[in-house]
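Chemist: Would you mind keeping the following structure in view while I ask a few things?
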Amino acid sequence: MTDLFFPLQSLKEGHWFKLICGASYQHLPTVRSLTLAYTLAGADCIDVAADPAVMAAAQEALEVAKYLFKDAQKRGFHCQENPPFLMVSLNDGEDPHFRKAEFNSTECPTDCPRPCEQICPAQAIVFNRIKDNFSGVEHQKCYGCGRCLPVCPNDIINTKSYMSTPDAIAPLVMSTAVDAVEIHTKVGHWAEFQRLWQTVSPWVGQLKVLAISCPDDEGIIDYLQAIYNLVTPLRSALIWQTDGRPMSGDIGDGTTSAAVKLGQKVLTAKLPGYVQLAGGTNSYTVAKLRAMGLLKRAGEAALRLTSTSLSTRRSVTGEAGEAGEEEELSPQLPAPCPPASVAGVAYGSYARVLLSPILEKLENQEVSNTSIKATIRLEENDILLWQAVGLAHSLVSQLKSQQER
């Protein structure tokens, strides 16, 4: 398999690592820094908001990483010469990942203890910001976790949900910069999913990965099976993202249990495709998966697909043993066979919070004798750069080390 498809090899071998920047997270300097650090640490996929400015920030970081990968390798990191896949997330209906908190700060009493400010993991809620005296939610930083809602003593915080329109979606999916698309859905959204799929499907053939993200609910397996029947045949790899406890991985170790439980549930159903955990994933996730025997070890991965012909005929039902239509698959792509183990893990809030001390230092760094602060790029500070990559690698290596065991 060529280096170009190295992320797909990671998927097939069971050590796929995805960074979730946030489906509604639009703070460009942070997206850029996170993308650069986790790319140099060996990430296989960078998942960002379907926003042209956010995509451009991530692409810029991927370009910078090309000039730093040899240095990263010398330092012992898992960085590859070719970049990770760039993924954009779409939603077929109302979804907590696609919302922003908002409130009118003038309604907040002056003696309020401001628990919202303290609990926000993205530091998106501020009061009397020094540079402009702004108070409220910094919308670019908010990614919709909703932790501020129940703690507000005055109940003045609300959320605003949004969806991408078909006219806006098409150019994003058609973009040559996009390698993968993830669709967030849930049980009961069948009609909505069908409408979104009609918009996306004409261009899905150019993608390397299609991911379907879904939280647990009654009837989830039947729902995912219906989605599979709708979207196949595919030329791209298909990932089932089991969204255990959305946007909670930084709260504590226990949040990973829901993700592992749902992952196991979908694995048991033997749906064709690859199962990747999300929603509550953190530094405990790999240990939990390993203890339950849900991760592949070295030597267990199937032999790499050969490229002796331009295409390979496979049944869309893979190893399920049932008759099905045949499709042509690119020889570089993993076959859509039912998985016996988890193919990878996606990390969102935990991965972001892990690097927040470094990114705060970068953001607060003074760049002139006049104490005027300006945006500093992570690669411009060698010390902070490799500290950030080291922290990112501490998470990536938990999964990547599986291939060495």
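Chemist: Could you name every one of the strands (runs of 3 or more DSSP E) located completely within the stretch 155-246 that has at least 1 residues being farther than 21 Å from Met55 by Cα, modelled with pLDDT of 95 or more and among the small types (Gly, Ala, Ser)?
Modeler: 237-243
Chemist: Could you pull out the residue among Arg114, Arg32, Arg75 that is basic (Lys, Arg) and modelled with pLDDT under 90?
Modeler: Only one candidate passes the filter, namely Arg114.
Chemist: Among the numbered criteria (1) out of contact with any His (no Cβ under 8 Å at 6 or more places or on another chain); (2) modelled with pLDDT of 90 or more, which one does Ala259 miss?
Modeler: (2)
Chemist: Let me ask you something else. Of all the residues that make up the stretch 83-111, how many are modelled with pLDDT of 70 or more, acidic (Asp, Glu) and in a loop (DSSP other than H, G, I, E, B)?
Modeler: 2
Chemist: Can you tell me which residues in the stretch 36-65 are within 21 Å of Leu210 (Cα to Cα), outside any strand (DSSP E or B) and either among the acidic types (Asp, Glu) or not assigned by TED's automatic domain parsing to the domain that holds Gln9 (or both)?
Modeler: Hits for the stretch 36-65 are Asp44, Asp51.
Chemist: Does Leu62 satisfy being in contact (Cβ under 8 Å) with a residue 40 or more places away in the chain and either under 18 Å from the mean Cα position of the chain (by Cα) or crowded, with 24+ Cβ neighbours inside 10 Å (or both)?
Modeler: Values: in contact (Cβ under 8 Å) with a residue 40 or more places away in the chain: no; either under 18 Å from the mean Cα position of the chain (by Cα) or crowded, with 24+ Cβ neighbours inside 10 Å (or both): yes.
When the stated conditions are applied, Leu62 does not pass them.
The values are calculated or read from the model by the stated rules, or taken from the named source; none is laboratory data. Source: prediction; values computed, not measured. Methodologically, a virtual Cβ is constructed for each residue, glycine included, from the backbone with ideal geometry; neighbour enumeration extends over all protein chains shown.
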